[in-house]
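The values are calculated or read from the model by the stated rules, or taken from the named source; none is laboratory data. Because the structure is a prediction, the values reported are computed rather than measured. Note that each Cβ is placed from the backbone with ideal geometry, even for glycine, and that neighbours are counted across all protein chains shown. Just the protein is used for accessible areas: all its heavy atoms, side chains included, with ligands, DNA and RNA removed. Shrake-Rupley method; radii C 1.70, N 1.55, O 1.52, S 1.80 Å.
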Amino acid sequence: MDVDAAVEKVRQNPETGERKKGDLGALYVFKFHSNNQLYLLGYTLEESVRLIYLEAVGPHENFYRDLKR
C-alpha cells in the first residue's frame with residue numbers, strides 16, 4: 001500500500017488510525033507498508049468541520065521524536 005492509498009483509507013474512515021496518548025494525544029497514526037517497509041501516517045481531526053490534517057508520513061524510525069519537535 002502506498003501513501004495515496006493510506007490517505008484514502010483514512011479519508012474513508014478517519015478513526016481507523018490508533019489515537020496516541022500523552023504529548024501526542026491529539027494525533028492519530030495509521031500504519032501501512034510500502035516497499036516492504038513499515039510507514040506511519042500521522043494526522044489530526046477537526047470533527048466540527050470534518051477536516052483531516054495530515055501531519056507527517058515516514059518510516060517508523062524517529063517518527064514520534066520528529067513530531068515532538
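Assorted remarks:
- The GluC sites (Glu not before Pro) of the chain that meet both conditions, a loop assignment by DSSP and at most 15 other Cβ atoms within 10 Å of the site Cβ, are GLU47, GLU61.
- Considering only SER48, LEU27, ALA5, and ranking their Cα positions along the charge dipole of the chain that arises from unit charges at the beta-carbon of Lys, Arg, Asp and Glu, the one farthest toward the positive end is LEU27.
- Whichever lysines have a C-alpha closer than 20 Å to that of LYS68, once near sequence neighbours (fewer than 8 apart) are set aside: LYS20, LYS21, LYS31
- The chain - percent of accessible surface contributed by carbon and sulfur, probe 1.4 Å: 45 percent
- Normalised by 2.2 N^0.38 Å, where N is the number of residues, the C-alpha radius of gyration of the chain stands at 1.06.
- Size of electric dipole in the chain: Cβ of Lys, Arg +1 and of Asp, Glu -1, about Cα centre, debye, nearest 20: 220 debye
- At a probe radius of 1.4 angstrom, the accessible area of the chain per residue rounds to 72 square angstrom.
- Of the residues HIS60, HIS33, ranked by 1.4 Å probe accessible area with the largest first, the sequence reads HIS33, HIS60.
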